[in-house]
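What follows is a short report on a single structure.
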């Protein structure tokens, strides 16, 4: 005899009615409240999952190709050019970091004056 052969929707319904008939009215109220709150949370997650992401164009990175027969002088000249660019980018990044650090320092000083 399989498990599903013993399952009957009518028997399940009678069993649920019998179980609920032994409950106090306040227990049924809390049951309804728990079901409603759970449904609201699940529906909230479902509604929030429908957010569409804005389209972002893919970023394509191109690499520079060099010939295999470059001389050491050509390589060193290109490295010198690249070093200047890299130093400039590092200096800009460092300046942005220092500016951000100064902003946080000013905010911290204001909060310390208030005693926070």
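Taken together, the values in this text are just the output of simple stated rules run on the coordinates, not laboratory data. Note that this is a predicted model, so its numbers are computed, not measured.
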**Request:** Specify the residue with the greatest mean-square fluctuation among 45, 19, 63, computed from a Gaussian network of the chain linking alpha-carbon atoms under 10 Å apart.
**Result:** 19
**Message:** Taking a ≥ b ≥ c as the square roots of the Cα gyration tensor eigenvalues, with a/c under 1.5 meaning rounded and otherwise prolate when a/b beats b/c, else oblate, which class fits the range 71-116?
**Reply:** prolate
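Counting each DSSP H run of 4 or more residues in the chain as -39500 (n - 2.57), what helix-only mean residue ellipticity at 222 nm follows after dividing by all residues, to the nearest 500 deg cm²/dmol? All intermediate terms of the calculation are to be shown ahead of the outcome.
Values: 3 runs with 80 residues, N = 116.
One gets -24500 deg cm²/dmol as the mean residue ellipticity at 222 nm.
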**Message:** If you average the alpha carbon positions of the range 62-116 and of the range 15-45, how far apart do those two centres end up, in angstrom?
**Reply:** 60
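Rounded, prolate or oblate: pick one for the range 1-62, where a ≥ b ≥ c are the square roots of the eigenvalues of its C-alpha gyration tensor, a/c under 1.5 means rounded, and failing that, prolate if a/b is larger than b/c, else oblate. Could you put the intermediate results ahead of the total?
On the way: a/c = 6.78, a/b = 2.09, b/c = 3.24.
Oblate shape, in that a/c is at least 1.5 and b/c is the bigger or equal ratio.
Let me make sure I get this right: for the chain, a, b and c are the square roots of the gyration tensor eigenvalues over alpha carbons, sorted descending. Under 1.5 in a/c it's rounded, otherwise prolate if a/b > b/c, else oblate. Which is it? Working shown, then result.
Working: a/c = 5.68, a/b = 2.11, b/c = 2.70.
Note, shape of the chain comes out oblate.
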